[in-house]
Amino acid sequence: MNQTCPTIETESFQIASNELPETCSSLRSLSRQLVRQLGMLNSACGELPLSPVQAHAIIELNSQELSIKQLALALNIDKSNASRALSQLCDKGLAKSRNNPKDSRSSLCQLTPQGKRLLSKLNRQQNAMFEQILAQLSPAQIAQLETSMTQYTRAIDTANAQQGFIIRSITEQDNPHIARVIRNVSAEYGLTPDKGYGVADPTLDELHTVYHADDAHYWVIEYKGCILGGAGIAPLAGHDGICELQKMYFDPKLRGKGFANRLALQALEFARTQGYESCYLETTAVLKEAIILYEKIGFKHLAAPLGNTGHDACEIPMMLTL
């Protein structure tokens, strides 16, 4: 049965951690410093008659013809900025344009021989600069830097994909909507109520009440008033110092945007602030993507389940030391 998504007054949830603002401030400072040190705020790229945007544009044009829209997407800039950069390159004789045979409303740009010669100079200049920079680092440090920069750029891409979505604490009004998500996703994977999965919990329609205690919490993900997923943390009954990651379900509209990783990390940070020593979870082999995520985060497989969660069909117990 279709349900109307509620319009909810929302407030983004922030982790109660004194380290988060300091980390953000440090990364922002380092990012600004990096941009300045690489000369990205200069009007010219080194000794060449190119602005930083123009330099990035000719690098992209070296491999293929591009429209204004394609260049804007490649450089992550607005179309007017991309249009201005291409016009300037054409004025300098570094690029030329032609009508797009597939779209009469746009044109395609490519480098001229002069543009390719200038690109060769740009590559030599930038290679020399980076050789000097990397000469200050050991091979191990260079490898570590590459790994960290890769993680950083991927995080930026993922954050961009999550724009417009809100992660916040569950409200009582959310109860029927997150229950609907859990039931729909469970049915999608064949996790029926009669087989001992979380969808069979008698409290499924009352999650706000279930997670209202100080040592528990549940977050939902909202987009334009619709609840599309959520996850929670609660103490594992009978095991002091151990919490359980529970009811992490996502509508197909959320998948592929990094929300599972983000919400799991947020839940684990909350668990640390509450003084939990370990986090437990139970899952099943059909949820292959979830298992991969849990292993990536650091969860280890257990030989046998802990406690009595009532989810006897979840045959894969895992634990993470916090």
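None of the figures in this text is laboratory data; all of them are computed from the coordinates on show. What you see is a predicted model, and the numbers here were worked out from it, not measured in a lab. Note that each Cβ is placed from the backbone with ideal geometry, even for glycine, and that neighbours are counted across all protein chains shown.
For the reader, a short list of remarks on this structure follows.
- Charge sum, other residues only, whose C-beta stays under 13 Å from GLU206's C-beta, Lys/Arg counted +1 and Asp/Glu -1: -3
- Within the chain, the ratio Rg/Rh, alpha carbon atoms throughout and Rh by Kirkwood, equals 1.09.
- Surrounding net charge for PRO235, when Lys and Arg each add one and Asp and Glu each subtract one, Cβ distance under 9 Å: -3
- GNM on the chain, alpha-carbon springs under 10 angstrom: the most fluctuating residue among LYS247, LYS296, LYS92 is LYS92.
- If a spin label sat at a point 7 angstrom from the Cα of ARG117 along the line to its beta carbon, the backbone N atoms of the range 71-110 nearer than 15 Å would be those of 92-95.
- For LEU191, LEU27, order by how many other beta-carbon atoms lie within 10 Å, fewest first: LEU27, LEU191
- Here the relative contact order of the range 211-288, from alpha carbon pairs under 8 Å that lie six or more residues apart, stands at 26 percent.
- Approximate spin-label separation ASP157-ALA213, in nm, with each point projected 7 Å along Cα-to-Cβ: 4.1 nm
- Among 266-278, 143-155, the order from most to least packed when residues are scored by Cβ within 10 Å on average: 266-278, 143-155
- For the cross-link pairs LYS92/LYS257; LYS257/LYS300; LYS79/LYS253; LYS79/LYS296; LYS79/LYS121, the ones whose C-alpha atoms lie over 30 Å apart are LYS92/LYS257; LYS79/LYS296.
- Given in Å, the Rg to one decimal and the Dmax to the nearest whole number for the Cα atoms of the range 165-321 are 14.3, 43.
- Kirkwood Rh (inverse of mean 1/r, distinct Cα pairs), the range 19-136, angstrom: 15.8 Å
- Electrostatic dipole magnitude of the range 165-321 [Cβ: Lys, Arg +1; Asp, Glu -1; Cα centre; debye, to 20]: 720 debye
- Helix-only mean residue ellipticity at 222 nm for the chain, each DSSP H run of n ≥ 4 adding -39500 (n - 2.57), per residue, nearest 500: -14000 deg cm²/dmol
- Per-pair calculated FRET efficiency, R0 = 41 Å: SER104 and SER29 via Cβ, rounded to 0.05: 0.30
- The angle separating the long axis of helix 113-134 from the principal Cα axis of greatest extent in the chain is about 60 degrees.
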